[in-house]
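Notes follow the structure.
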Amino acid sequence: MCLTKHFRLTLLTIGCALLSANSSAATTLKLSHNQNKSHPVHHALQFFAEKTNELSQGELKIRIYSDAQLGTQRESLELVQKGALALAKSNAAELEAFSKQYGVYNLPYLFKDKTQYHNVLRSRLGKTILQASSDNGFIGLAYLDAGARSFYAAKAIKHPDDLKGLKVRVQPSPTAVNMVKALGGNPTPLAYGELYTALQQNVVDAAENNIPSYTLSRHHEVSSIFSQDEHTMVPDVLVISTKVWNTLTPENRQALESAAQQTTEKMFELWANSENQEKQKAIKQGVTFVEVEKAAFKQAVEPMYQEIQQTHPDLYKLVEKIKAIE
Ligand code: GCU
């Protein structure tokens, strides 16, 4: 009897100790992305980590792994779906294969201008798209501005005819593949990390990206003419594993959501500065930026909208809603 009582007391003491250890222990969430530490994506994610720590009162720590250390965007997303990785920064092109609504962001010349693009990322409709993947193992927490994407090669691309016969690297996105086909080029899907060598060794003749990614991944060293046709504005997206999300307290979920929302706003500012700086730096390093008359590009991709209207009326509705946002 006495022994049993003693045993119970001991268990209680150990139990209390464990409980207090647990309640004060912080949870560390790993976050993967594929840019280097000079890229505005890394700076925005550092801001997100600091805010999350602050808003969760130290209960959530974010450990950032840059440079695709934990794998390509696709591999990271697969880890997120399994719950083996908490967070990943991807983009709408890559996510199209995992959640079809993201595909609309890959349609060329979807947005009227930069302001409308920003307003869509802030809109309720934008948030609906972030939530749509919860049954596929991940939830979008935040959009990050990633500017406009344009073609670059060893020659100027001023008209879709200039893409004829060129092997053009695209992200693994069905819409990006269709876009390059519609413009007359030969799309070659490749992971981001393979592109520098592919351009250097002429495995591909051209690629397309935003200015900071073009310069900070040093693609300008091997492909020095950047033609500003600005065919797409594809947002980056920070996602969290549904499995991990379900283990968090309501307070900590709130902390993450609020940190994510602030990060979207912060990135608008970081992005504008980086785009400017990187362009000026690249000009000094010998890159030629070419102004492009966009009408012929817009005309060449128009059938993509008709096709989506016929084959995916649900997605076409989304396109119409996006276009209706001011
Ligand atoms: C952008 C984007 C990345 C993406 C890359 C690419 O840099 O931010 O998420 O991987 O484009 O072209 O693959």
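Just to be sure before I move on: is residue 293 surrounded by fewer than 15 Cβ atoms within 10 Å (Cβ to Cβ) and closer than 18 Å to residue 129 by Cβ in the structure I sent? So residue 293 fails the test.
A single entry from 182, 206, 282 fulfils the requirement of being without any contact (Cβ under 8 Å) to a residue 60 or more places away in the chain and over 21 Å from the mean Cα position of the chain (by Cα): 206.
Listed here are the residues, each with its yes/no results for (1) open to solvent by 10 Å² or more (accessible area, probe 1.4 Å); (2) over 25 Å from residue 274 (Cβ atoms).
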| site | (1), (2) |
| --- | --- |
| 123 | yes, no |
| 141 | yes, no |
| 150 | no, no |
| 158 | yes, yes |
| 161 | yes, yes |
| 173 | no, no |
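Across segment 144-158, the number of residues qualifying as over 18 Å from residue 225 (Cβ atoms) and touching an Asp or Glu at 6+ places or on another chain (Cβ under 7 Å) comes to 3.
Which residue is farthest from residue 34 (Cα to Cα), if the candidates are limited to segment 94-106 and must be open to solvent by less than 10 Å² (accessible area, probe 1.4 Å) and more than 13 Å from the ligand (Cβ to nearest atom)? If you could, list the steps in order and put the result at the bottom.
Taking segment 94-106 first, the residues open to solvent by less than 10 Å² (accessible area, probe 1.4 Å) are 95, 99, 102-106.
Narrowing the set further to residues that are more than 13 Å from the ligand (Cβ to nearest atom) leaves 99, 103-104.
Values: 99: 20, 103: 20, 104: 23 Å.
Step by step, filter segment 94-106, then rank; the result is 104.
Every condition in (1) assigned to a strand (DSSP E or B); (2) more than 10 Å from the ligand (Cβ to nearest atom) is met by residue 156 except one, and the failing one is (1). Got at least one residue in segment 75-87 being surrounded by 22 or more Cβ atoms within 10 Å (Cβ to Cβ), closer than 30 Å to residue 298 by Cβ and assigned by the TED database to the domain that holds residue 136? Within segment 75-87 (the criterion being surrounded by 22 or more Cβ atoms within 10 Å (Cβ to Cβ), closer than 30 Å to residue 298 by Cβ and assigned by the TED database to the domain that holds residue 136), the answer is no, since none of the residues qualifies.
Among residues of segment 48-66 being within 16 Å of the ligand (Cβ to nearest atom) and not in a loop (DSSP other than H, G, I, E, B), the one that is surrounded by the most Cβ atoms within 10 Å (Cβ to Cβ) is 48.
Residues that are away from the ligand (no atom under 13 Å from the Cβ) and outside the structural domain of residue 47 (by the TED database): find the helices (runs of 4 or more DSSP H) completely inside segment 174-271 holding 3 or more of those.
Ranges flagged: 174-182.
The values are calculated or read from the model by the stated rules, or taken from the named source; none is laboratory data. Just so it is clear, the structure is predicted and the values come from calculations on it, not from any experiment. Cβ atoms come from the backbone with ideal geometry, glycine included; neighbour counts cover every protein chain shown. Ligands, DNA and RNA are excluded from the accessible area calculation, which covers all protein heavy atoms including side chains. Shrake-Rupley method; radii C 1.70, N 1.55, O 1.52, S 1.80 Å.
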